[in-house]
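Okay, so here's the structure we're looking at.
The values are calculated or read from the model by the stated rules, or taken from the named source; none is laboratory data. For clarity, every value in this text was computed on a predicted model and none was experimentally measured. Note: ideal-geometry Cβ built from the backbone for every residue, glycine included; neighbour counts use all protein chains shown. Side chains are part of the model used for accessible areas, which takes the heavy atoms of the whole protein and leaves out ligands, DNA and RNA. Shrake-Rupley method; radii C 1.70, N 1.55, O 1.52, S 1.80 Å.
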Amino acid sequence: SAHPRRRRARPSVMGSVLGKITEELPRHDVVKKAASGFYEIRRYAPAVVAETSYRTSRGMFEGDQGGSFMRLAKYIGVMAKPQNDTTTAISMTAPVLMSRGAGDGADTPVGPSEGSHQNAFETTTYKMAFFMPASRFSKASDAPKPTNPDVTIKDVPARTLAVHTFSGNLRQAAIAERGERLRRALEADGVAAKEGAEVMAAGYNPPWTPWFLKTNEVMLEVSGM
């Protein structure tokens, strides 16, 4: 009798295991690359994001345990019926963007570093966002409305970001250290961070991508470019 065919892994899954980024990215142009090679300046077009937030005293990664990601994933319909008013499935994009909420000590990126002595009772707001595919949604009102009140759709204006790219697992200590190094590099080059700008962390790969193949970035909005 004929042998059953072995099912091949889908190219998108295989690619993600190898660190290949195939998802749609937010539209941007590279304005300049630092002579040091440590960062580049990108001008991003206006974008639409799905965003959620929460408060915790344990930091972005230890305190969330995937809850924010799953709320956003359910909104676009990852592995389930889309939780939006038109049950419209929306393609996953990259990166997933993380930051400290406005007015919550935004100068410290994403959370206290490992080993810090944050007061156990001091809670902080954190945000996570998925970019909506620019090929489908040019403004927030174009996107389906979330049925979960903890998910909001927002317009993000055009902005200019300094971006440092690195590999490895996205950990608070690494983000804090690289965010500070980015600030120092910009200052040394005479590039001004926008007043009140917060360091953002961006992750481009799913959890199953080996750590040494992952692409991560720290981003900081700059002015005068």
> residue 23 accessible area, nearest 10 Å², 1.4 Å probe?
Replying inline: 60 Å²
> Going by the alpha-carbon gyration tensor, a ≥ b ≥ c the square roots of its eigenvalues, is segment 139-207 rounded (a/c under 1.5) or, if a/c is not under 1.5, prolate (a/b greater than b/c) versus oblate?
Replying inline: oblate
>> Need one value: the accessible area of residue 131 in square angstrom, 1.4 angstrom probe, rounded to the nearest 10.
In response: 20 Å²
> Which listed residue (186, 161, 147) has the Cα farthest towards the positive end of the charge dipole for segment 117-225, taking +1 on Lys and Arg C-beta and -1 on Asp and Glu C-beta about the Cα centre?
Replying inline: 147
